[in-house]
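See structure below.
The values are calculated or read from the model by the stated rules, or taken from the named source; none is laboratory data. Values in this document were obtained by computation on a predicted structure and should not be read as measured data. Don't worry about glycine lacking a Cβ; one is built from the backbone with ideal geometry, like all the others, and counts go over all protein chains shown.
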Amino acid sequence: MSEEPVILFDKVNKWFGDFHVLRDIDLAVAKGERIVICGPSGSGKSTMIRCINRLEEHQQGTIIVDGIELTDDIKNIDSIRSEVGMVFQSFNLFPHMTVLDNLVIGQHLVRRLPKGEAEEVAMTYLERVKIADQANKHPGQLSGGQQQRVAIARSLCMKPKIMLFDEVTSALDPEMVKEVLDVMVDLAEEGMTMLVVTHEMGFARTVANRVIFMDEGQIIEENTPGAFFDNPASERAQSFIGQVLHHQ
Amino acid sequence: MEPILKPFKEQQAPPLQSSGFVVWLRSNFFSTWINSLMTIGLLWVIYQIGSFVINWGFIDAVWFGESAKACPNVHGACWAFVTDRWRLFVYGLYPSELRWRVDVFYGLGALTIAAFVFSFGPITKRLRLTMFIGFPIAAYILLVGGMVGLKYVTPEDFGGLLLTVVIAAVGIFASIPLGLILMLGRTSELKVISKVCAYYIEFWRGVPHIAVIVMFVALLPIFIPDGNKIDIVVRALIAFAAFNSAYMAEVFRGGLQSIPAGQFEASKAIGLSYWKMMGYIILPQAIRNSVPALVNTCISIFKETTIVLLIGFSDFLGIIQLSLEDPKWLGPPHIFSSAYVFAALIYFSFTFGMSKYSLRLENRTNVDH
Ligand SMILES: Nc1ncnc2c1ncn2[C@@H]1O[C@H](COP(=O)(O)OP(=O)(O)OP(=O)(O)O)[C@@H](O)[C@H]1O
Ligand SMILES: [Mg+2]
């Protein structure tokens, strides 16, 4: 790869108090790459991807996102956050606004689009996630799957270069998982750079270029999805896959 | 088929209409013998109180008169005292030829309240904001004057209900924005600011209000150069705003804490700056969640205005007390009790209105979510 990576972790360490949550993380993500991150609960998956848009701060090492190093400089943080979209397990839509306003507010306040233009963009993305007919409802009136699709659309409205997904289907009833995953597959096909924390192996196999397995704050294993799921090298990955397979 | 259909039809009759009032009474008030006993006991108590109130407050009461002599019957209320003195109670010592200004002030106050009670469609928000900012300014110009052709009236002449309402209004209108600022300061990531705000809040919450008022009135002239030029009423108002803003800050902090961390994270993730996040996402939700506690604080601010009595002001309660010492009305204790019952009714009607308003808001926010 001659091209520079869009995300680069170099010997990144992080502690919560005394607890060493990320240990010497090295990771390079190329443009358009789709990475699935898995591992047992508490292994630091969320913490790692939250460092990318600085919802968490790292204490050692360097993180470079789209050529900008993450430091305490507020300007950097803002410009990186406008490049990186994030979708959460618990949707986190703004409950006091309509669905449409949830999508408009960021465009209007951050990208400084006039309201009318922002609404047009919002409607095109709502159509893409097949939920345009709910635009004037409040988030509380929508099902979990619908809310999560709105959350994805809200991120996409900001025209991010990178999308982070943190267990976005874990809080959903089984029958709604597919509608959300379908949206993510579409997005992958368009060439979006994606980091996805998930235990959905089917999704990982069809979409991911690479699977990263984490345990106790370290990256234990990296491989193509096929090789990783069928033939994990480490014992920890073997037992993890055994458990996940057992569940699905 | 018929035998089966018939009872079925009977069951369909609405239960309340066919069984009626007696059954409703029985199932709600006389279901067990303990229940029946309590119902009868309660009815007896209600009857006793009710007949006393009607006899004392209406049948045996004296409504008009010019001195204590008008009320010889000690077993009836002496409303004559109130009807004789109501101007003093309502306007205090405000110059009588300028009382129209107080009337306009009360009218504007009523309009402001109406703006918050009723909904006016799409302009509601803007209207409320205009009233919230405009009313205090208009009130100041009207009541104090000294500009736009209005004669100056010293605040020391305020009194009675006017003073009570002014103190309460200043307490409420100043402490809401100050409280919001203090809360933002206290939750700020800048250590210095958050410490200063935390100590400020803890200090005012921890000191008895009486001490605060006395302290301000006595010490402010010493602290601030030319402080003795600050009107004594204004000093009391500053003290009032100072400690009530500390309470409001805690009210808003409670509302802030009810906002899930995910709201902050989602706001940051779409790139909102701190102020935009607070202004558009967090505070609108936090303030809405604070409303019940906020109204509660407003009620106690209203009742607490009576502590200015201690520094020699004649607020509503104070002016009633003063009038009771008037030789014309010195007399048997039933004049006293009538006067205080009247005061209690007035305070109650204000606070009751506020708590009804808060209940309505609570119900409305429940529907929203
Ligand atoms: N703000 C925090 N303060 C202290 N400890 C934290 C904090 N956030 C996370 N942790 C701890 O750090 C560890 C890693 O957390 P993280 O959320 O990154 O794990 P995860 O791999 O995403 O797990 P899960 O699959 O349960 O989401 C956990 O042990 C967690 O308890
Ligand atoms: Mg997690």
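Condition (residue is within 14 Å of chain B (Cβ to nearest Cβ) and either surrounded by 16 or more Cβ atoms within 10 Å (Cβ to Cβ) or within 16 Å of ligand 2 (Cβ to nearest atom) (or both)) applied to region A:189-205: is it met by at least one residue?
If we filter region A:189-205 for residues that are within 14 Å of chain B (Cβ to nearest Cβ), which is where we start, we get A:195.
The next check asks that each one be either surrounded by 16 or more Cβ atoms within 10 Å (Cβ to Cβ) or within 16 Å of ligand 2 (Cβ to nearest atom) (or both); those that pass are A:195.
Yes, region A:189-205 contains a residue that is within 14 Å of chain B (Cβ to nearest Cβ) and either surrounded by 16 or more Cβ atoms within 10 Å (Cβ to Cβ) or within 16 Å of ligand 2 (Cβ to nearest atom) (or both).
Could you give every pair whose Cβ atoms fall below 6 Å, whose first residue belongs to region A:149-171 and is over 13 Å from A:Asp101 (Cα atoms), and whose second residue is within 16 Å of ligand 2 (Cβ to nearest atom) and among the aromatic types (Phe, Trp, Tyr), counting only separations of at least 6 or pairs across chains?
A:Asp166/A:Phe88
Among the candidates B:Val291, B:Val251, B:Val234, which residue alone is within 14 Å of chain A (Cβ to nearest Cβ) and β-branched (Val, Ile, Thr)?
Of B:Val291, B:Val251, B:Val234, the one residue that is within 14 Å of chain A (Cβ to nearest Cβ) and β-branched (Val, Ile, Thr) is B:Val291.
Select from region A:168-182 the residues that are within 16 Å of ligand 1 (Cβ to nearest atom) and surrounded by 18 or more Cβ atoms within 10 Å (Cβ to Cβ) and write down the one among them that is farthest from A:Arg54 (Cα to Cα).
A:Leu172
Of everything in region B:254-268, what is away from chain A (no Cβ under 14 Å) and free of Cβ contacts under 8 Å to residues at least 24 places away in the same chain? Give them in sequence order.
B:Gln257
Please go through region B:324-341 and pick out each residue that is at pLDDT 90 or above and buried (at least 19 other Cβ atoms within 10 Å of the Cβ).
B:Ser338, B:Ala339, listed by residue number.
Output the number of residues of region A:184-233 satisfying the condition of being of a type in the set (S, T, N, Q) and more than 25 Å from A:Asp66 (Cα to Cα).
Selection size over region A:184-233: 2.
Can you find, within region A:71-89, the residue that is nearest to ligand 2 (Cβ to nearest atom) among those that are more than 22 Å from A:Glu190 (Cα to Cα) and under 18 Å from the mean Cα position of the chain (by Cα)?
Looking at residues that are more than 22 Å from A:Glu190 (Cα to Cα) and under 18 Å from the mean Cα position of the chain (by Cα), I get A:Gln89.
Which ones in region A:97-120 are surrounded by fewer than 22 Cβ atoms within 10 Å (Cβ to Cβ), in contact (Cβ under 8 Å) with a residue 12 or more places away in the chain and within 11 Å of chain B (Cβ to nearest Cβ)?
Passing the criteria: A:Met97, A:Val110, A:Arg111.
What are the residues in region A:1-48 that are within 16 Å of ligand 2 (Cβ to nearest atom), surrounded by fewer than 23 Cβ atoms within 10 Å (Cβ to Cβ) and among the aliphatic types (A, V, I, L, M), if any?
Once the filter is applied, which keeps residues that are within 16 Å of ligand 2 (Cβ to nearest atom), surrounded by fewer than 23 Cβ atoms within 10 Å (Cβ to Cβ) and among the aliphatic types (A, V, I, L, M), region A:1-48 yields A:Val21, A:Ile35.
Please verify whether region B:186-204 includes one or more residues that are in a loop (DSSP other than H, G, I, E, B) and closer than 15 Å to B:Tyr247 by Cβ.
Within region B:186-204, none of the residues are in a loop (DSSP other than H, G, I, E, B) and closer than 15 Å to B:Tyr247 by Cβ.
Before we move on, is B:Leu272 crowded, with 19+ Cβ neighbours inside 10 Å and either among the aliphatic types (A, V, I, L, M) or within 14 Å of chain A (Cβ to nearest Cβ) (or both)?
Criteria met by B:Leu272.
Inspect all residues belonging to region B:301-323 and state whether any of them is at pLDDT below 90, within 14 Å of chain A (Cβ to nearest Cβ) and assigned to a helix (DSSP H, G or I).
Taking every residue of region B:301-323 in turn, none turns out to be at pLDDT below 90, within 14 Å of chain A (Cβ to nearest Cβ) and assigned to a helix (DSSP H, G or I).
Kindly provide the set of residues from region B:254-269 that are buried (at least 19 other Cβ atoms within 10 Å of the Cβ) and within 21 Å of B:Ile201 (Cβ to Cβ), ordered by number.
Those that are buried (at least 19 other Cβ atoms within 10 Å of the Cβ) and within 21 Å of B:Ile201 (Cβ to Cβ): B:Gly255, B:Leu256.
Among the residues of region B:346-365, is there at least one that is assigned to a helix (DSSP H, G or I) and within 14 Å of another protein chain (Cβ to nearest Cβ)?
Yes, because at least one residue in region B:346-365 is assigned to a helix (DSSP H, G or I) and within 14 Å of another protein chain (Cβ to nearest Cβ).
Suppose we filter region A:123-143 for residues that are within 14 Å of chain B (Cβ to nearest Cβ), surrounded by fewer than 19 Cβ atoms within 10 Å (Cβ to Cβ) and in contact (Cβ under 8 Å) with a residue 40 or more places away in the chain; how many remain?
Adding up the residues that qualify gives 3.
Please determine whether any residue of region A:71-79 is farther than 22 Å from B:Phe264 by Cα, more than 13 Å from chain B (Cβ to nearest Cβ) and of a type outside the set (S, T, N, Q).
Within region A:71-79, not a single residue is farther than 22 Å from B:Phe264 by Cα, more than 13 Å from chain B (Cβ to nearest Cβ) and of a type outside the set (S, T, N, Q).
Please state which of the following conditions A:Glu167 fails to meet, knowing it meets all the rest: (1) in contact with a Gly (Cβ under 9 Å, 6 or more places away or on another chain); (2) within 16 Å of ligand 2 (Cβ to nearest atom).
Condition not satisfied by A:Glu167: (1).
Output the helices (runs of 4 or more DSSP H) that fall wholly within region A:1-110 and possess 2 or more residues being more than 16 Å from ligand 1 (Cβ to nearest atom) and either out of contact with any Ser or Thr (no Cβ under 9 Å at 6 or more places or on another chain) or at pLDDT 95 or above (or both), or say none.
Fully inside region A:1-110 and qualifying: A:74-83, A:99-109.
Look at region B:244-260 and say how many of its residues are in a helix (DSSP H, G or I) and under 13 Å from B:Gln285 (Cα atoms).
Of the residues in region B:244-260, 6 are in a helix (DSSP H, G or I) and under 13 Å from B:Gln285 (Cα atoms).
Taking only region A:183-204 into account, find how many residues are within 16 Å of ligand 1 (Cβ to nearest atom) and among the hydroxyl-bearing types (Ser, Thr, Tyr).
1
With the condition kept exactly as written, say whether any residue in region B:182-205 is within 14 Å of chain A (Cβ to nearest Cβ) and closer than 24 Å to A:Phe94 by Cβ.
There is at least one residue in region B:182-205 that is within 14 Å of chain A (Cβ to nearest Cβ) and closer than 24 Å to A:Phe94 by Cβ.
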